[in-house]
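Everything below concerns the one structure shown next.
The values are calculated or read from the model by the stated rules, or taken from the named source; none is laboratory data. Owing to the predicted nature of the structure, the values given are computational and were not obtained by experimental measurement. Neighbour counts run over all protein chains shown; Cβ positions are idealised from the backbone, glycine included. Remember, those area values only see protein heavy atoms, side chains included, never the ligands or the DNA or RNA. Shrake-Rupley method; radii C 1.70, N 1.55, O 1.52, S 1.80 Å.
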Amino acid sequence: MHIGEFSALGVAICWTLSALFFEKAGSKIGSLSVNVIRLMTAIILLGLIAWVTRGYFLPTDATPYQWFWLSLSGFVGFFLGDLFLFHSYSIIGSRMAQLVMTLAPPITAITGLLMLNEYLSAKQALGICITVGGICIAMLGKKRGEKFNFNVPLKGFLFALGGAAGQAIGLVLSKKGMGDYNAISATQIRAITGGISFLLLVTFLNRWSSILKAFSNKSGVKFVLSGSVFGPVMGVSLSLFAVQHTKAGVAATLMGLVPILIIFPSALIFKEKITFYQVFGAFISVGGCVLLFL
């Protein structure tokens, strides 16, 4: 049935849509405000879904073991990973940062092997390599008149690598703590920890005025709400469901297709030109994905 693999593809679609909404929102209210509002929104929406489907608004039925590992996952993935990634954007740009993020699937596979004893078959390992290679080709393909500079500041590279590691390790920690627990409520635990961490950061940086001011920007908040539905609500919930039903490294690879899936919507919305390398890389990535389904 490959339910885990199809769920991971659903994650990539959801994250593609959320990335487009959050990019619009970030330009209007700033990335810190986006992170705070999206997680607060996610906690409420996830609670309502869990209440309707399970009778619990908060995950009070989770065991201390599940709370510990899922909270740790939320801190590493939702807070540290996103914090590092957004900071890397300001140093090396989003395009190079997303290229570094293609390291997330192999990091996930290695972490899954060390923490969960998950061994990949030769076919799965080859599929991961081909898919990641296709993403790299699409990301490296130069636009007309653009010079791609490989002389990346070490600080920016390390922050982007921290973002990739946060996403990868957070996913494996989720699988370790979740077991057969409900994916919606497990996501809510992660969002609660990530949200509290960002609230503490806002307090430490004394940025509450900018957060409150962000709510007056109706279009910005509307984009955050839309992105929250597809990102931390649907996308992350599906990601946890995916790792319940397939190996973490395989799931992470399929989730990592966002740079491929976002090419065509970006061309329509932001009037960006599609290059040969982007199309070629997309075909290679699809070929790698096929291997993961065989």
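May I ask for the net charge around Leu17, where only other residues with Cβ less than 15 Å from the Cβ of Leu17 are counted and Lys, Arg are +1 while Asp, Glu are -1?
Numbers: positive: Lys24, Arg38, Lys222; negative: Glu23.
Local charge sum for Leu17: +2.
Which value results for Rg/Rh of region 1-123 when Rg is the Cα radius of gyration and Rh the Kirkwood radius based on the inverse mean 1/r?
0.99
Accessible area per residue of the chain at 1.4 Å probe, in Å²?
Ligands and nucleic acids excluded, the figure is 47 Å² per residue.
Taking 2.2 N^0.38 Å as the expected size of a compact globular protein, what ratio does the Cα radius of gyration of region 33-72 give against it, to two decimals?
Details: Rg = 11.7 Å, N = 40, 2.2 N^0.38 = 8.9 Å.
Relative to the 2.2 N^0.38 Å estimate, region 33-72 comes out at 1.31.
Rounded to the nearest 0.05, what FRET efficiency is calculated for Asn117 and Val286 with R0 set to 35 Å and r the Cβ-Cβ distance?
On the way: r = 30 Å, r/R0 = 0.86.
So the FRET efficiency works out to roughly 0.70.
What's log10 of I(q)/I(0) for the chain at q = 0.11, 0.13 Å⁻¹, Debye sum over Cα points only, no solvent?
Calculated log10 I(q)/I(0) at the listed q: -0.62, -0.89.
Considering the chain as a Gaussian network with a 10 Å cut-off on Cα pairs, which listed residue, Phe79, Phe21, Phe280, attains the greatest mean-square fluctuation?
Sorting by GNM fluctuation, first place goes to Phe280.
How much of the pair distance distribution for region 161-239 lies past 19 Å, counting alpha-carbon pairs only, in percent? Present the calculation step by step, with values, prior to reporting the outcome.
Values: 1595 of 3081 pairs.
The answer is 52 percent, as a whole percent.
Which order do you get for Met96, Met234, Met178 if you rank them by accessible area with a 1.4 Å probe, largest at the top? The partial results should precede the final answer.
Working: Met96 25, Met234 80, Met178 0 Å².
Largest accessible area first, the list is Met234, Met96, Met178.
Give the Debye-formula value of log10 I(q)/I(0) at each listed q (0.14, 0.18, 0.20, 0.21 Å⁻¹), with one equal scatterer per alpha carbon of region 105-251, two decimals each.
Debye intensities relative to I(0), on a log10 scale: -0.96, -1.23, -1.28, -1.30.
In debye to the nearest 20, how big a dipole does the chain give about its Cα centre with +1 on each Lys and Arg Cβ and -1 on each Asp and Glu Cβ? Don't skip to the end; give the middle numbers.
Working: 21 positive and 8 negative charges, 178 e Å.
Dipole about the Cα centre, nearest 20: 860 debye.
With every protein chain kept in the model, how would you rank Lys155, Lys176 by accessible area, 1.4 Å probe, largest at the top?
Numbers: Lys155 125, Lys176 60 Å².
Descending order: Lys155, Lys176.
Only Cα pairs under 8 Å and at least 6 apart count here; give the relative contact order of the chain as a rounded whole percent. Intermediate values should be presented prior to the final figure.
Values: 479 pairs, mean separation 125.6, N = 294.
Averaging sequence separation for qualifying contacts and normalising by length gives 43 percent for the chain.
Could you please state how large a percent of the accessible area of the chain is carbon and sulfur, counting protein chains only and using a 1.4 Å probe?
Numbers: 9840 of 13830 Å².
So the carbon and sulfur contribution to the accessible surface is 71 percent.
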